[in-house]
Amino acid sequence: MKTTTATIVLDPRVSNSLAGHFGSAINGAAIARKTSFLAKKMGNQIFAPNVEIVDDPHLVRGLGSRPFDGEGIAAQPMKLVEDGHLQCWLLNGATAAELGLSTNGRASRSGGTTSPGSTNLAILPGNISPADMIAGIDHGFYVTELIGQGVNMVSGDYSRGASGFWIENGELTYAVSEITIAGNLNEMFARLVPANDLAYRYRTNAPTLMIEDMTIAGT
């Protein structure tokens, strides 16, 4: 297909990678090292007003569920994003001290040291079904597979190989492969629309996600 700008829809099998990029960007270690594009965005609106993101260590049968973290601190559910606004970092004792904050029970132990990380992180579902989301798109790209690791966490620049199906007049039409989707995570987060099909299968989860005005690089 030709290079163009269009709306993309990320299948849940790949949308959780975008949630993972967000989790990495609010990791206290990256914030302390100033290697995150969100380092100065605490309290700012970075998503649309209806977007909510949580980290819940008490999720029943969650793969990351635990009563306390790797430093023995009680792990409590947290709203990471509320009404589109960034609320907190993921902190262990060391990164919290470095930033002049208090740990929020997100230490993961590896050997004799700990590092901050999420437990059961999820972008909460929206109000629209994936079918209705696709039906409202004149032309776009439904992504079923992402390839490569072309994400710069310092600048937020995003570029990954992808394959899936072209959307034309609200319907999936022909298969597409060997193309690249590109943008910047700051802008992608601001335009992100979640569908209502969230299912908890991994430690990081997201429903179907729609993002407008993505660059799709073809031939």
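The values are calculated or read from the model by the stated rules, or taken from the named source; none is laboratory data. Predicted model, so just to flag it, every value in this text is computed and none were measured. Ideal geometry is used to build each Cβ from the backbone, glycine not excepted, and the neighbour counts take in all protein chains shown.
Need pairs with beta-carbon distance below 8 Å; first residue within 23 Å of Ile53 (Cα to Cα) and within the range 82-100, second among the basic types (Lys, Arg) and in a loop (DSSP other than H, G, I, E, B); sequence gap 6+ or separate chains.
These pairs meet every condition: Leu86/Lys41; Leu90/Arg106; Leu91/Arg106; Asn92/Arg106.
Of the residues Gly164, Gly112, Gly117, which single one is assigned by TED's automatic domain parsing to the domain that holds Asn27, small (Gly, Ala, Ser) and within 24 Å of Ala199 (Cβ to Cβ)?
Gly117
Could you check the range 34-87 and list, in sequence order, the residues that are touching a helix residue (DSSP H, G or I) at 6+ places or on another chain (Cβ under 9 Å), charged (D, E, K, R) and in a loop (DSSP other than H, G, I, E, B)?
Result: Lys41, Glu71.
From (1) closer than 30 Å to Arg61 by Cβ; (2) out of contact with any Leu (no Cβ under 7 Å at 6 or more places or on another chain); (3) among the aromatic types (Phe, Trp, Tyr); (4) part of a strand (DSSP E or B), pick out the condition that doesn't hold for Tyr142.
It is condition (2) that Tyr142 fails.
Regarding the range 141-148, can at least one residue be identified that is among the polar types (S, T, N, Q) and not assigned by TED's automatic domain parsing to the domain that holds Phe37?
yes
Quick check on my filter: what residues within the range 111-139 are touching a residue at least 24 places away in the same chain (Cβ under 8 Å) and not in a loop (DSSP other than H, G, I, E, B)?
Correct list: Thr114, Ser115, Pro116, Leu121, Ala122, Ile123, Ile128, Pro130, Met133, Ile134, Ala135, His139.
Being basic (Lys, Arg) and under 22 Å from Leu209 (Cβ atoms) is the filter here; which residues of the range 53-111 pass it?
Lys79
Could you figure out which of (1) assigned by TED's automatic domain parsing to the domain that holds Ala206; (2) in contact with a Leu (Cβ under 6 Å, 6 or more places away or on another chain); (3) not charged (D, E, K, R) isn't true of Val9?
It is condition (2) that Val9 fails.
Name the one entry in Asn152, Asn104, Asn120 that is of a type in the set (S, T, N, Q), over 19 Å from the mean Cα position of the chain (by Cα) and under 17 Å from Phe22 (Cβ atoms).
When all the criteria are applied, what remains is Asn104.
Mind checking which strands (runs of 3 or more DSSP E) fall wholly inside the range 147-219 and carry at least 1 residues that are in contact with a Pro (Cβ under 8 Å, 6 or more places away or on another chain) and either crowded, with 18+ Cβ neighbours inside 10 Å or at pLDDT below 95 (or both)?
Result: 209-217.
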